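K.L.:
The structure is given below, and queries will be raised subsequently.
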Amino acid sequence: MIVYPAIDLRQGRCVRLHQGQFDRETVYGDDPMEVARGFAAAGAGWLHVVDLDGAKGGAAAQSELVWQLTKVGASIQTGGGIRDGKAVADHFKHGIGRVVIGSLALSKPDLVKDWIRQHGAERIVLALDVRPLENRGYAIATHGWQQQTASELFPVLEDFAEAGLGHLLCTDISRDGALEGPNLGLYRRLKVQFPGIAVQASGGIARLGDLQDLRDLGVDAAVVGKALYERRFTLAEALAC
């Protein structure tokens, strides 16, 4: 299982939001390059970088900063406000390893499927951010989690699986930033129903045991943010387990 340290960028700073709420922000560093270098030095092979301004505003807003982060030596997957083919191509041209697509998967699914075919399943990550429903389903939120949709996770994912999707980043928003543990039931179901898709878990990871639980379910990767910044464990400890 791959551990992706998370770097969320807002106005050039490294921050974390609580459950996607922009008015509940904690700043963890004014120099994202320094944060990224620290993660790379600790052994990170990948970094998960989010342009929060882009996600909220609908267009990539911090691309130059994101591209700078490729210089630290770790591979970068990034998302936030990527809405057209030029933005996707520009990221790849500047050394980005994978592009994360979220909101556009619902508004323009055929376009995103074309990108998967054009760039390959290894280069595109579908980010589906969800909130649990009473009927045990999961409703998808978009635009930096600011808009709730009527679309449900599993039907949307079935459609993209048929189009050759290789990577899924799925965040349970209700767990994000809460340090209450990941939604193991969600990720168990994802791995059972879509064994051919590499699943990245996100939201709620608070202890090393959470990573071990995800690993034991066969989850392919985990994005870890607040637990690292709050020093619940170190990245070296996470990689070792």
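Only the coordinates and a few stated rules stand behind these numbers; no lab work does. All of these numbers come straight from a predicted model, not from anything done at the bench. Note that we place each Cβ from the backbone using ideal geometry, even for glycine, and neighbour counts take in every protein chain shown.
K.L.:
Consider Ile116 carefully, then state whether it is in contact with a Gly (Cβ under 7 Å, 6 or more places away or on another chain) and within 30 Å of Ala44 (Cα to Cα). Don't jump to the end; show me each part of the working.
P.N.:
Values: in contact with a Gly (Cβ under 7 Å, 6 or more places away or on another chain): yes; within 30 Å of Ala44 (Cα to Cα): yes.
Considered against the rule, which asks whether it is in contact with a Gly (Cβ under 7 Å, 6 or more places away or on another chain) and within 30 Å of Ala44 (Cα to Cα), Ile116 comes out as yes.
K.L.:
With the condition being out of contact with any strand residue (DSSP E or B) (no Cβ under 9 Å at 6 or more places or on another chain) and farther than 17 Å from Ala55 by Cα, I'd like the helices (runs of 4 or more DSSP H) fully within segment 81-122 carrying at least 2 qualifying residues.
P.N.:
Filter on segment 81-122 gives 85-93, 109-119.
K.L.:
Further question on the same structure: Take Arg136 and tell me if it is surrounded by fewer than 22 Cβ atoms within 10 Å (Cβ to Cβ) and assigned to a helix (DSSP H, G or I).
P.N.:
no
K.L.:
Which of the residues that make up segment 70-80 are surrounded by fewer than 24 Cβ atoms within 10 Å (Cβ to Cβ) and assigned to a loop (DSSP other than H, G, I, E, B)?
P.N.:
Gly73, Ala74
K.L.:
Determine, yes or no, whether Lys56 is within 20 Å of Ser103 (Cβ to Cβ), not acidic (Asp, Glu) and not in a strand (DSSP E or B).
P.N.:
yes
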